[in-house]
1. What shape does the range 248-288 take by its C-alpha gyration tensor, where a ≥ b ≥ c are the square roots of the eigenvalues and a/c under 1.5 counts as rounded, a/b above b/c as prolate, and the rest as oblate?
2. What is the calculated FRET efficiency for I84 to S113, with r their C-beta to C-beta distance and R₀ = 22 Å, to the nearest 0.05?
3. Roll a 1.4 angstrom probe over the protein heavy atoms and tell me the percent of accessible area of the chain that is carbon or sulfur.
4. Suppose each label sits 7 Å from its Cα in the direction of the beta carbon; what would the S277-D318 distance come out to in nanometres?
5. Given N88, F54, N141, which one lies farthest toward the positive end of the charge dipole of the range 53-149, if we put +1 on the Cβ of every Lys and Arg and -1 on the Cβ of every Asp and Glu?
6. Could you list the residues of the range 151-178 with an amide nitrogen less than 19 Å from a label point located 7 Å from the Cα of N344 in the Cα-to-C-beta direction?
7. Could you tell me the calculated FRET efficiency between H210 and S168, based on Cβ-Cβ distance and R0 = 35 angstrom, to the nearest 0.05?
8. Determine the gain in length on full extension of the stretch E399-E218; use 0.36 nm per residue of separation and subtract their C-alpha separation, reporting nm with one decimal.
Amino acid sequence: MNYDVLIVGTGIAGLYTALNLRDDIRILMITKNSFRDCNSYLAQGGISTSLGLFDEENYFNDTVKAGNYHNDTKAVKLLIKNSIENINTLIKLGVPFDKTKEKLNYTREGGHSEFRIVHVKDETGKSVTETLLNIVSKKRNITMLENTALIDLICKDNTCYGGILRDSHRTYKVNSKFTILATGGIGGIFNSTTNVEYLTGDGLNISLKHNIEIKDMEYLQLHPTVLYEPDVKGKKLLLSESLRGEGGIIVNQNKEVFINPLLPRDIVSTSILNEISKTPTNPYVYLDMTKKSKEFLMYRFPFLYNECLKRGYKMDKDLIPIAPAHHYCMGGIKVDLFSRTSMNNLYAVGEASCTGVHGSNRLASNSLLEALVFAKQASENINSKINEIHYKDIIFESESYALDSYDELINYLKRKVDNKYAKLFNC
Ligand code: SIN
């Protein structure tokens, strides 16, 4: 099979890349489960955006301060400069961001000095993904396949020529001029995570095996406010940071406030872990939303209000037990400002990539923005180069496939990450 572009992953980064490619480019998009099994779908809080020229410096400062100044400043500037344009594109495509009197309603999350996060109630990612899926799936130049995994890249002399795919019936080869890894995060390899369980860092694992450059994998992010559910292994219920942006506080077992809930995530998570270590038989603290009315909570956070209710918590009346869990991988496949990896004709976008935007700790709601901005960068770069590239039918010589085992990724992570993560590993 020949396609101009092979996109692996159908979350927001993959979909937005496809949408921004020229209509005369033949695209194959694959996902190893179903289209909605992606972290994008779960994103609750929203998408950060600059509020205008006057806000660019503050937004930059918030991002690099949260990232502990490990950020790539050129990438951060690009992210911020292109933010409004991409939010406007989503609005034109039909994403129904919440508004008050016809003006976008911005919320706030930890580390932001301004209310600058657009949202669709507490299911922003679902709304954006559904809008993009609806449009992309109707495009005649795009073929989309579910239950189809990339198990290896076809590459020679540091150039990518497509991928080896596997579905339930067969393993087959797809030649492509460009290949894009939009394979998402790595939460599926942890015991306690907010991520979709299928997200096992496939793009990273394959990249490691082909010596494609990887960056910043020591920087993993815990989300501070995840429902404490000791009997649930794997994916747990995220309680969006925007709950705190709208007035929620965090209290300990004695119902005392011990941390400003709107500090960056790494600080809030560390403080909670410290507090939890004092009460080992009850290893959780509480999110307290009881100052807000039931009407407000049901209107602004309908998804979370119901999810908590299903588990026996009335958000307006009960304290909700929480503990930090794995949430996001700041590192990934190293890319430049056009989302190009160190292998020719191979790109990476979204959480699988490392643009350097997040430094060592991502500022809340910068992930979907990064996915949009750098997906567009990739598409524009490919649009300008596609006519120069020709297919090459390379013979795939390996006896085994890169994705035959995850040991390499897990061992790599074990060497890289901080001790606090060790106990979250499955292995
Ligand atoms: C949240 O809603 O708290 C998650 C948003 C994010 O990870 O930026």
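1. Values: a/c = 2.37, a/b = 1.33, b/c = 1.78.
Taking the square roots of the gyration eigenvalues as a ≥ b ≥ c, the range 248-288 is oblate.
2. On the way: r = 18 Å, r/R0 = 0.81.
With R0 = 22 Å, the Cβ-Cβ based efficiency is 0.80.
3. Working: 8430 of 17460 Å².
About 48 percent, which is the carbon plus sulfur part of the accessible surface.
4. The answer from the label model is 3.0 nm.
5. The one lying farthest along the dipole's positive direction is N141.
6. Inside the label zone: 153-163, 175-178.
7. 0.85
8. Values: separation 181, 0.36 × 181 = 65.16 nm, distance 3.13 nm.
Stretched fully, the E399-E218 segment lengthens by 62.0 nm.
The values are calculated or read from the model by the stated rules, or taken from the named source; none is laboratory data. Keep in mind it's a predicted model, so treat the numbers as computed, not measured. Counting neighbours? That spans all protein chains shown, and the Cβs are built from the backbone with ideal geometry, glycine included. All accessible areas refer to the heavy atoms of the entire protein, side chains included, with ligands and DNA or RNA removed. Shrake-Rupley method; radii C 1.70, N 1.55, O 1.52, S 1.80 Å.
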